[in-house]
1. Measuring from centroid to centroid over Cα atoms, what is the spacing of the range 4-36 and the range 45-66 in Å?
2. Which of these values of Rg and Dmax of the Cα atoms in Å was calculated from the structure shown: (i) 20.1, 68; (ii) 17.4, 48; (iii) 17.5, 52?
3. Using amide H atoms built 1.01 Å from N in the peptide plane, name the residues 5+ places from Leu5, or on other chains, whose amide H lies under 5 Å from its own.
4. Please give the net charge around Ile4, taking every other residue with its beta carbon less than 15 angstrom from that of Ile4, where Lys and Arg add +1 and Asp and Glu add -1.
5. What length, rounded to one decimal in nm, is gained on full extension from Leu2 through to Lys14, with 0.36 nm per residue of separation minus their alpha-carbon distance?
6. Return the distance in nm (one decimal) between the two label points of a simple spin-label model at Asn23 and Arg70, each offset 7 Å from Cα along Cα→Cβ.
Amino acid sequence: ILIILDNASYHKKKTILAEIEKNLPNIQLYFLPEYSPDLNLAELVWHSAKEYISHRLFKSVEELKNLLNRLLNQGELIIRWGRKIKNKGNAAIAN
C-alpha cells in the first residue's frame, strides 16, 4: 500500500514513521517534493474553492456553508486540473 503525503511536520514525526516501518511492513510512504502544491490534488480543490468564494459578501455563515456544500459536495465546482495553483482567476461554477 502506497500512501502519498505532503511535507507537513506531523506527517514526518520520527516516532510515527518508526512505528509504521516496524509494525506495518506493507505500507510505503511517499512524500511529495517540498513546496509543490500543484502535485497535491487536495490543494488544487481547496485553492479553486477559495478562489471562487473570495471577494464575495455573504449575508450569513449559513449562506457560505451552503455554497461550500454545493461546490465541494454536490459537484458544482469546476476544477481545471491541468492549471497551476499560482495562476489566479481560473475558478468557475457549473451551471
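Just so it is clear, none of the values below were taken in a lab; they were calculated from the coordinates. Please read these numbers as outputs of a predicted model, since none were measured by experiment. Here the Cβ is made from the backbone with ideal geometry for all residues, glycine too, and neighbour counts use every protein chain on show.
1. The range 4-36 and the range 45-66 have Cα centres separated by 32 Å.
2. The listed entry that was calculated here is (iii).
3. It is Tyr30, Phe31, Leu32, by chain and number.
4. Working: positive: Lys12; negative: Asp6, Glu34, Asp38, Glu43.
Result for the local shell: -3.
5. On the way: separation 12, 0.36 × 12 = 4.32 nm, distance 1.84 nm.
2.5 nm is the gain from fully extending Leu2 to Lys14.
6. Spacing of the two 7 Å Cα→Cβ label points: 4.5 nm.
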